[in-house]
Amino acid sequence: MSAQTSETSFAGLTSLYENARSVNNCGIGLAVLLAYDTLLNMEREVSLVWQSQKSWVSRVIYVLNRYTMLFSSLLQLGVVPSISDSVSRGYNSSTDELIPF
């Protein structure tokens with residue numbers, strides 16, 4: 001392996017890892033904003049949804065619509081990308097080249 005190829009491979013792996021980290025940071029921001037929005041609107045939610053005389057079907061639809069994204073974003077916070085994931089998806093060891101996405 002030449003020095004040029006090694007530098008290119010390292011730069012590509014570094015770029016992949018930085019992109020994965022940026023996506024993870026955006027996920028953290030999304031989870032924080034959704035949690036903040038949920039806390040801000042909790043009083044109105046209780047009075048308009050849970051204390052009203054609406055049917056259980058509308059409450060189920062509301063819960064699915066309101067909390068699915070919040071729970072999904074919180075669950076994805078536990079999935080931290082590692083450099084080995086980036087390597088396995090973006091590096092071909094037999095030819096020593098990066099695979100473009």
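General observations
- Sole residue being at pLDDT below 80 and basic (Lys, Arg), chosen from Arg89, Arg59, Arg44: Arg89
- Among (1) surrounded by 11 or more Cβ atoms within 10 Å (Cβ to Cβ); (2) modelled with pLDDT of 80 or more; (3) small (Gly, Ala, Ser), the one test that Gly12 misses: (2)
- Scope segment 39-65; condition open to solvent by 100 Å² or more (accessible area, probe 1.4 Å) and basic (Lys, Arg); matching residues: Arg44, Lys54
- Tabulated pairs, segment 33-56, first under 20 Å from Ser72 (Cβ atoms), second open to solvent by less than 50 Å² (accessible area, probe 1.4 Å) and in a helix (DSSP H, G or I), C-beta under 8 angstrom, 6+ apart or interchain: Leu34/Leu70; Leu34/Ser73; Ala35/Leu70; Thr38/Tyr67; Thr38/Leu70
The values are calculated or read from the model by the stated rules, or taken from the named source; none is laboratory data. In this text, all values refer to a predicted model and were calculated from it rather than measured experimentally. Neighbour counts run over all protein chains shown; Cβ positions are idealised from the backbone, glycine included. Ligands, DNA and RNA are excluded from the accessible area calculation, which covers all protein heavy atoms including side chains. Shrake-Rupley method; radii C 1.70, N 1.55, O 1.52, S 1.80 Å.
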